[in-house]
Amino acid sequence: MMTDNLSKTLCIRRGITAVIGSGGKTTLLRELARELSACGSVILTTSTHIRPFPDLPCLASFSPDSSEKEAVIRSRLSVSPLLCIGTPAKEGKLSAPPLPFDHLARLADYVLIEADGSRGLPIKAHRGGEPVIPDGTRRIILLAGFSGFGKPVRNAVHVPERFLALTGAGEQDLLTPELCGEAIQKEHLADVIVLNQADDLHCPDSALRTETLSLCRRFAKKTDLPVFAGSLREHFLIRIDRES
């Protein structure tokens, strides 16, 4: 199944959605926010840290009074259905907003949360206390980067020591689809997986497309979660059928 509507494909419902993992969280959040703001109000925020979206409305300065904060958010959402909210942090980033996430969910139809950090690597394993999933979250989407396959684990995985403990691999071993799927399955943190950066699934060259699909299926067979693969930048995902 090919999709041109990510929010429907990933079954995003009203309320809180958390995006975790690595390999495209920012792109996915931007695309979901763009789609959902066409049919409702959207707050884009984080439970850890996020860089502001320079082309999106942002609110990062609040009064101490919580009722005033809510009033300001309501006012801004009445002007623009999409609003990025956070607290100024180091290096120009935003940290968690000054209101509880369940309060935000009463102010907007959709609250999209970046709930993980990965330092730009394509795959993420998780320490204790990670990811930071707010209570009441209705959907958890895990991102994994296809570009990590074939690279040494130590060069492709954030928190490699956790990945090695989950899989028994060595840090010099090449990251296979099976090892990646095994680690994600053992952590079992999400409701659905997006295997991003598999751009050749949309390639006119049938040989490249077939090879990429084979790698995606090898990955999917190691987890019982729904897996979609493709390119978020190209707005292209397909559901991976394990049985084919």
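The values are calculated or read from the model by the stated rules, or taken from the named source; none is laboratory data. Remember, predicted model here, so these are calculated numbers, not experimental data. FYI the Cβ positions are ideal-geometry reconstructions off the backbone, even for glycines, and counts take in every protein chain you see. Each accessible area value is taken on the protein alone, full model and side chains, heavy atoms only, with ligands, DNA and RNA left out. Shrake-Rupley method; radii C 1.70, N 1.55, O 1.52, S 1.80 Å.
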Could you figure out which of (1) open to solvent by 40 Å² or more (accessible area, probe 1.4 Å); (2) over 19 Å from K8 (Cβ atoms); (3) out of contact with any Pro (no Cβ under 6 Å at 6 or more places or on another chain); (4) not aliphatic (A, V, I, L, M) isn't true of T223?
(1)
Note: among G145, G120, just one is within 13 Å of the chain's Cα centre (by Cα) and modelled with pLDDT under 95, namely G120
Quick check on S66: is it more than 30 Å from P226 (Cα to Cα), open to solvent by less than 50 Å² (accessible area, probe 1.4 Å) and among the hydroxyl-bearing types (S, T, Y)?
no
Test of understanding: among A183, A165, which residue is hydrophobic (A, V, I, L, M, F, W, C) and either at pLDDT below 95 or open to solvent by 40 Å² or more (accessible area, probe 1.4 Å) (or both)?
A165
Failed condition for R106, given (1) open to solvent by 50 Å² or more (accessible area, probe 1.4 Å); (2) more than 17 Å from the chain's Cα centre (by Cα); (3) closer than 28 Å to E130 by Cα; (4) touching a residue at least 12 places away in the same chain (Cβ under 8 Å)
(4)
Using the structure shown, decide if L143 is in contact (Cβ under 8 Å) with a residue 24 or more places away in the chain, touching a strand residue (DSSP E or B) at 6+ places or on another chain (Cβ under 8 Å) and either within 19 Å of S231 (Cα to Cα) or of a type in the set (V, I, T) (or both).
yes
If you take the residues of segment 198-210 that are touching a residue at least 12 places away in the same chain (Cβ under 8 Å) and under 13 Å from I240 (Cα atoms), which of them is surrounded by the fewest Cβ atoms within 10 Å (Cβ to Cβ)?
L201
Against the conditions (1) surrounded by 16 or more Cβ atoms within 10 Å (Cβ to Cβ); (2) over 27 Å from L32 (Cα atoms); (3) over 21 Å from the mean Cα position of the chain (by Cα), where does L213 fall short? Just the number, please.
(2)
Take the residues in segment 225-244 that are touching a residue at least 40 places away in the same chain (Cβ under 8 Å) and β-branched (V, I, T), then tell me which one is farthest from A183 (Cα to Cα).
I238
Suppose we filter L195, L189, L175 for residues that are open to solvent by 20 Å² or more (accessible area, probe 1.4 Å), closer than 27 Å to I238 by Cα and hydrophobic (A, V, I, L, M, F, W, C); which single one remains?
L189
Test of understanding: among E31, E35, E68, which residue is under 16 Å from the mean Cα position of the chain (by Cα) and without any contact (Cβ under 8 Å) to a residue 40 or more places away in the chain?
E35
Just to be sure before I move on: is G128 among the small types (G, A, S) and touching a strand residue (DSSP E or B) at 6+ places or on another chain (Cβ under 8 Å) in the structure I sent?
no
Complete set of residues in segment 196-235 that are of a type in the set (V, I, T) and outside any helix (DSSP H, G or I)
T223, V227
Could you look through segment 109-129, keep only residues that are crowded, with 19+ Cβ neighbours inside 10 Å and charged (D, E, K, R), and pick out the one that is nearest to I193 (Cα to Cα)?
K124
Evaluate the following for T45: is it of a type outside the set (K, R) and under 30 Å from F228 (Cβ atoms)?
yes
